[in-house]
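The structure follows.
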Amino acid sequence: MNVAKLPDGWESRGKPPTLFRRFVFGRYNETRDFLDALAALTDEAGLHPQNINFASTYVNITLDANDSGELGEAELSLATRINQLYLKKSD
C-alpha cells in the first residue's frame with residue numbers, strides 16, 4: 001500500500017499493517033453520537049475496526065489488514081467513510 005493513498009489523518013502502523021486515527025470532539029455527547037453513527041456505518045459496510053478506544057472527548061480507531069495481511073481498498077474506503085462521518089458530525 002502506498003502511504004500517499006492514506007485518507008487524511010490516518011497513519012499506517014505495524015506489521016501486519018493497521019490504520020490508526022484519533023478523532024477529537026468538544027463534548028461527550030458528540031463523542032457518543034459519533035460512536036453510534038460509526039456502529040451503523042461499519043455494520044452497513046460489513047467491516048469493523050480491530051480496536052476502538054474512547055474517552056469523553058476522543059475516539060481512537062484501528063483498522064486491521066485484510067486476510068491477505070495487506071491494507072486493501074475495503075479498509076481504505078472504510079477509513080474515508082469514517083472521515084466523512086466525522087466531518088458530518090462536527091458540522
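Every number in this text was worked out from the coordinates using simple rules, so none of it is lab data. As the structure is a computational prediction, the values presented were derived from the model and not from experiment.
Suppose only helical runs count, i.e. DSSP H with n ≥ 4. What mean residue ellipticity at 222 nm does that imply for the chain under -39500 (n - 2.57) per run, divided by all residues and rounded to the nearest 500 deg cm²/dmol? Please list the in-between numbers first.
Details: 2 runs with 36 residues, N = 91.
Calculated at 222 nm, the ellipticity per residue is -13500 deg cm²/dmol.
While we're here: Straight-line reach from LYS15: which aspartates and glutamates have a Cα under 14 Å away, not including same-chain ones fewer than 8 places off?
ASP64, ASP67, GLU70
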